[in-house]
Structures are given as structure tokens and as C-alpha cells.
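Working notes, structure below.
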Amino acid sequence: MPALVNYVGDDECYPGGAFHSSPMDLDGLLPTSSHVDLYFRPSKRARIGALVVFRGREFEQECKPSIEVLPDECLFEIFRHLDSARERSSCAGVSKRWLMLLSTIRRDEICKSRNTSTVRMVPQSKAESDREDESNGFLTRCLEGKKATDVRLAAIAVGTSGCGGLGKLSIRGSNSTRGVTDLGLSAIANGCPSLRMLSLWNVSLVGDEGLFKIARECRLLEKLDLCHCPSISDKGLIAIAERCTNLTSLSIESCPKIGNEGLQAIGKLCSKLQTISIRDCPRVGDQGVSSLFASSSCTITKVKIQALNLTDFSLAVIGHYGQAITHLTLSGLQNVSEKGFWVMGSAQGLKKLSLLTIASCRGMTDVSLEAIGKGIANLKQMCIQKCCFVSDNGLTAFARAAGLLEALQLEECNRITLLGVGGALSNHIRNLKSLTLVKCMGIKDIAQEVTLPSPCTSLRSLSIQNCPGFGSASLSMVGKLCPQLQHVELIGLYGITDASMLPLLETCEGLLKVNLSGCINLTDETISTLVRLHGGTLEVLNLDSCRKITDASLVAIADACLLLNELDVSKCAITDAGLAVLSSSEQINLQVLSLSGCSEVSNKSFPFLERLGKSLLGLNLKNCHSIGSGMVGMIVENLWRCDILV
């Protein structure tokens, strides 16, 4: 500015040269006000474009920072010449504009300085050098709800590039006003070429353009999960198949624009695919599903197909060509008939299948169940849910054929009765270790005398849940059939009593885990018998909602249980006195204790809980209304090693 005031030359702004030797001496000629208008005889265009302000002996020129005037193209060139990821992250924090510009720079567009050693005054540490090398994708980020925006994704893309690289990204939902779009996904693609896992749930504004960018830049992608993405179509999936050839896991759910063409590309180009899950995609049919398994080099091991418009043809292809499949789930296939399941089992192509789940399929009948038992030789776990046409005959035939079966679960199969279960538990299944019955309305007490089959000596785990007809007679029969049980779950069975529990407890030799939650008619007598016979082996005991259980059970537990580490007496008639006895036992070393809903437990239990807290890792005090908030604070403070729910 002094140069402009004291300027001499051919194009001076006033005639006669400088009229004062020093610009600072102008103070004597000017008024004392801070803003002054200077008048000179017009000669040429003024060269001063900004307002000149004089304040005493100081003056300044107000102007906008010049770098903000630069267009985006110039800033882009400046940013891509920054040497380190730390410098780029610092620039990203200046403004939203700079952040979004930095997020558009691809990794291969960043210019590495050739003369770094001459420019840097401080040597770069090895850690900094490693961070600036190709990222390995060690970081995981998850955005949910209103936090999921394009700006946040851009910040993640720029920020993680120098901190190990982003390897896993999950987006659950989207901001209602500024949701995630293709722009945010493009920022991730530009800044995170090390991305290996991408999960998109309920992001309606992300379409094919976002997947195009991911496919172009993230060649290392291994796992893709798309759920409720209505804007993504076959085009985006085809782009992934063409460029992300390392894809090993694909999950698609409720994506109405994805159909057979996308799956055909996946089946043809992704030779490393191991896990596939497709659910509720109306455009997916036999042509798309069959193309996944038609290749001779198919390596898919885990398959989950739910609520698709498939026919018998798809199951026939799976039965013939699914030689690598180990886990198979088929659910809600309403157009598949008995023939489809029969062919799948009889084809004998599922040689490695060990776990099979079939749910809500009308074609699952006694005939098809028997064919599956005969044709799948290595089947070890079988789960049948809501298959209304499976009866005792099919279950017995299946049990006779499936010689290697280890676990059987029946859920809402209402034609199955206790006779069918007894037939399956006989010597037909020699290796069966686990049996689970859930909401099977056909499981009822048998009024007449029946000849019991031979006991199942291999069964170690029995779980019967919410079968309202399962009463004392049924439990007595099961107890005689299963003498070697170690894990027992009897959940929500209102019909069983202390008398019906006695044969089961006396038959078993060494119970480890017992769950009697919701059995409201059991009393302290059952618990006393249980700990008397199995107290030396019992490790887990769950008595949740057994309202007739009182302090007497805690006294018996304190005296007899040597190895117990988990105890749940939620909503039982437990008081402070019972906890006092339990805490005084020298042999009790509980790790988890649940007292949720025990209204009789009060502030007086603080010293007892403190004593038990020496070994506790988890304590549940929810809905213990007799314990004041101040006492809860003291418990939390003193039991600082323990996870406490209040």
C-alpha cells in the first residue's frame, strides 16, 4: 500500500510526482477522522480496487482471502499435490467445500513429490510413511439413521486414508432430509480403495451410479450386502460382477429392481463366491438362481433362499450341482411342490451338505422328507419350521434314513405327536445329540398306555419350548427315553409339576445346564431335588418367571452347588434373606446373577451383593423397585468390574 501512495513513473495517478517525501507524513495534512476521501485531478484509471482505511499512523486494505476466489479446478490441483494424508485431512477441516473437493480425488490422482527429501525439513517417520502407503483396510465404520449423510461419508473417506484404510463400511438407514446418495458412495470409492465389505440397508437414494463407482475403484471388495435398496438394479450388480472378481459373499434382500440378469453375471464372473443370500426379490426366478450353480467350478458353500418365485426346476439344479454346499436354507418357496424337494434329495448331488433348514414350504411332505434323509448322506443338522404336511410317518422315515444326524429341530409342525418323537428317538438315529421342539401343538399327553421304544442314549440336549399340550405324562415319557441328558430346556410349559420332574431328574446322571423359565407350577421341591442330585455338575440354572421359587431354593443352591457360575432368579419370590444365605456360601463363585423383577430385594441386600461381586462379571437389577437410586449408584461404584443392568 505505501508503494501505491508513493508511486512515481510514467503512469502516475497524479502529476508532479510525490507531493510528500513519506506517506506516513500524510497524517499532518488529513483530518482526524478514520475514513478520508482523497481527491486528485482525474488523470488515469485508479489502480486501487479495495477500500483504503487510515487509522492514525496505521492503515490497511480489506480484501477477501484470495484462495477462496479460485475455482474448484484450481483447488483440486492444489489438493492433489499435497504430500501426506495428514495435510489433506487438515485441509478437509477448513470448509465443507474443501472437504467435498478432497473427497473427489482418487488415490491414483495424488501426486507424489519426487524431491520430498529436499522439501521436507523434518525427516518423515516410518509410521507416517507406512500410513501413506497403500492402505490395508483395517478400519470399520457404521453409520445409522440421521448420522448417515454424504458429508459424513466424505469425511470418513478423507480421514481414514492415512489411518490404516477403511475395510468395512455399514450404512443402516439414512438421514430423512440429507440422506446418503451416490455422491457419498463415490467419495468412499475415491478415498477407500481398500474397502472389502460394504453393507447398505434402507438407503433409497443410492442407485447404480454409486455401485458403478465402487466397482471401478474398490477392486478388493469381498462382501456386498444390499437390503431395501429400491434404486439399485441389475446394472449396478453387473458392474460389481465385472470388476470385483474377489467377491466371496453376496446378500440381497427386498431389492425390487434386481433380477435374473444381475445374478447371471455374478454366477459367470465371480468364481470365488462362497456365500449367497437372496430374499424377497420379485424379479429373481429360476433362471437367475440356477445360473449361480450351473458352473462346474461353483464354490458356493452357504446358500439362503427366501420368499422367491421359484419352481421345482431351481431345487433340481441345486440338488444336482450343489456339490460344494454345506449350509442350505429354503424358506417361503410357495411354488415349489413335493416333486421339487423329492428331486433335490434324490439327486444325491448335495454330498457335503451338513446343515439344512426348510421353513414355510408347502412342498415339504413326508415323501420329500424321506427322500432328503436317504439322498443327503452327510446331513448332521436338520431344522423344519412351519411345514404343516410333515407328520409322524415322515419323521420316523427320515430318522431311519439319516444315520449321521446329530441335531433335529421341529418348529410349529403341528402334525408331529409324541409318538413320532418317540419313534425318532429310538435306535433309528444313533448319533442324535440335540432335539428341539418349539410350538408344536400336536405334542400332547397320551392318555392310553403305550409301549416305550428303546431309549436314545446318544441324546445330550433336549429343548421343549411353548408346547402347551406338553404336560406331566409327556415329561415322564421323555425322561425315560433320554437317560444321558446334560442340557435341559423346558420353557413356558405350564403343565409340568414337581412330580413329573422327578423321573427326569432321577434318570439323568449329570446335568450341566437347566432352563426352567416360565414353568410357573414348579416349586422349591424341584430345585431341592435338582441340586441334591446334580449340584456337583450344574453350571447354569435359569428359573426366570418361576413365581413359586422362594429363598428356600437359594439355601439349597448355596449348600449343594459347587460349579454354578450363572443363576437367573428373575421374577421369583426372592428376598434379602435368600441373598444373604447365597453370599455367605464359600463354594459359590457366581459370574452372572439376574435378579430382574425381584420386588422383595431391597437396599438391605447391598452388603450381600458386594460380597457376591468379588466374582461377578454380570448383574441384572432391572425393575428391582425396592432398591433406591442412591443404593444403585453405590452398587455400581463398588462393583466396578461388573457389568450391571439397572
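The values are calculated or read from the model by the stated rules, or taken from the named source; none is laboratory data. Just so you know, these numbers come straight off a predicted model, no measurement behind them. So basically every Cβ, Gly included, is an ideal-geometry build from the backbone, and we count neighbours across all protein chains shown. Just so you know, the surface numbers come from the protein's heavy atoms only, side chains and all, with ligands and any DNA or RNA stripped out. Shrake-Rupley method; radii C 1.70, N 1.55, O 1.52, S 1.80 Å.
The set of residues in the range 333-375 that are assigned to a loop (DSSP other than H, G, I, E, B) and open to solvent by less than 10 Å² (accessible area, probe 1.4 Å) comprises Leu333, Val336, Gly349, Leu350, Leu353, Cys361, Gly363, Met364. Within the range 522-533, can one find any residue that is open to solvent by 10 Å² or more (accessible area, probe 1.4 Å) and under 23 Å from Leu617 (Cα atoms)? There is no residue in the range 522-533 that is open to solvent by 10 Å² or more (accessible area, probe 1.4 Å) and under 23 Å from Leu617 (Cα atoms).
Within the range 92-111, being open to solvent by 30 Å² or more (accessible area, probe 1.4 Å) and over 19 Å from Leu195 (Cα atoms) holds for Gly93, Val94, Ser95, Lys96, Arg97, Met100, Cys111. Among residues of the range 422-446 that are in contact (Cβ under 8 Å) with a residue 24 or more places away in the chain, those with a beta-carbon under 6 Å from a residue that is open to solvent by 20 Å² or more (accessible area, probe 1.4 Å) and acidic (Asp, Glu) at least six positions away or on a different chain give the pairs Asn431/Glu406; Lys433/Glu406; Val438/Glu411; Lys439/Glu412.
Checked against (1) in contact with a Gly (Cβ under 7 Å, 6 or more places away or on another chain); (2) acidic (Asp, Glu); (3) closer than 16 Å to Leu263 by Cβ, Asp225 meets all criteria but (1). When the residues of the range 484-517 are filtered to those that are assigned to a strand (DSSP E or B) and open to solvent by less than 30 Å² (accessible area, probe 1.4 Å), the one that is farthest from Ser570 (Cα to Cα) is Val488.
In this entry, Ser528 is excluded by the filter for residues that are of a type outside the set (A, V, I, L, M), outside any strand (DSSP E or B) and closer than 17 Å to Ser517 by Cβ.
Here Lys268 meets the list (1) modelled with pLDDT under 95; (2) crowded, with 17+ Cβ neighbours inside 10 Å; (3) closer than 29 Å to Val206 by Cα almost entirely, failing just condition (2).
The C-beta contact set for the range 500-529 (first residue more than 18 Å from Ser476 (Cβ to Cβ), second residue among the hydroxyl-bearing types (Ser, Thr, Tyr) and part of a helix (DSSP H, G or I), distance under 8 angstrom, 6+ apart or interchain) comprises Asp524/Ser553; Ile527/Ser553; Ser528/Ser553. Within the range 245-265, being open to solvent by less than 10 Å² (accessible area, probe 1.4 Å) and either within 21 Å of Leu308 (Cα to Cα) or touching a helix residue (DSSP H, G or I) at 6+ places or on another chain (Cβ under 6 Å) (or both) holds for Leu250, Ile252, Cys255, Ile258, Gly259, Gly262, Leu263. Scanning the range 376-400 for residues that are closer than 12 Å to Asn431 by Cα, open to solvent by less than 60 Å² (accessible area, probe 1.4 Å) and in contact with a His (Cβ under 9 Å, 6 or more places away or on another chain) turns up just one, Ala399.
Of all the criteria given as (1) modelled with pLDDT of 95 or more; (2) over 25 Å from the mean Cα position of the chain (by Cα); (3) among the hydroxyl-bearing types (Ser, Thr, Tyr), the one not satisfied by Ser295 is (1).
Could you go through the range 451-472 and let me know if any residue there is of a type in the set (Ser, Thr, Tyr), open to solvent by 40 Å² or more (accessible area, probe 1.4 Å) and free of Cβ contacts under 8 Å to residues at least 12 places away in the same chain. Scanning the range 451-472, I find at least one residue that is of a type in the set (Ser, Thr, Tyr), open to solvent by 40 Å² or more (accessible area, probe 1.4 Å) and free of Cβ contacts under 8 Å to residues at least 12 places away in the same chain, so the answer is yes.
Residues checked against (1) closer than 27 Å to Thr275 by Cβ; (2) modelled with pLDDT of 95 or more:
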site	(1), (2)
Val151	no, no
Val158	no, no
Gly165	yes, no
Gly184	yes, no
Ala189	yes, no
Met197	yes, yes
Leu200	yes, yes
Leu211	yes, yes
Glu217	yes, no
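Within the range 551-583, being touching a Phe, Trp or Tyr at 6+ places or on another chain (Cβ under 8 Å) and farther than 24 Å from Cys519 by Cβ holds for Asp576, Ala580, Ser583.
Of the candidates Arg152, Arg141, the single residue that is free of Cβ contacts under 8 Å to residues at least 60 places away in the same chain, open to solvent by 10 Å² or more (accessible area, probe 1.4 Å) and touching a helix residue (DSSP H, G or I) at 6+ places or on another chain (Cβ under 6 Å) is Arg141.
So that you can scan it fast, the table gives a plain yes or no per residue for (1) modelled with pLDDT under 95; (2) in contact with a helix residue (DSSP H, G or I) (Cβ under 8 Å, 6 or more places away or on another chain):
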residue: Lys439; (1), (2): no, no
residue: Pro455; (1), (2): yes, yes
residue: Pro468; (1), (2): yes, no
residue: Met477; (1), (2): yes, yes
residue: Gln484; (1), (2): yes, no
residue: Tyr494; (1), (2): yes, no
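Leu169 passes every criterion in (1) modelled with pLDDT of 90 or more; (2) under 23 Å from Gly93 (Cα atoms); (3) open to solvent by 20 Å² or more (accessible area, probe 1.4 Å); (4) under 20 Å from the mean Cα position of the chain (by Cα) apart from (3).
Would you call Thr181 of a type in the set (S, T, N, Q), buried (at least 20 other Cβ atoms within 10 Å of the Cβ) and out of contact with any strand residue (DSSP E or B) (no Cβ under 8 Å at 6 or more places or on another chain)? Yes: the conditions hold for Thr181.
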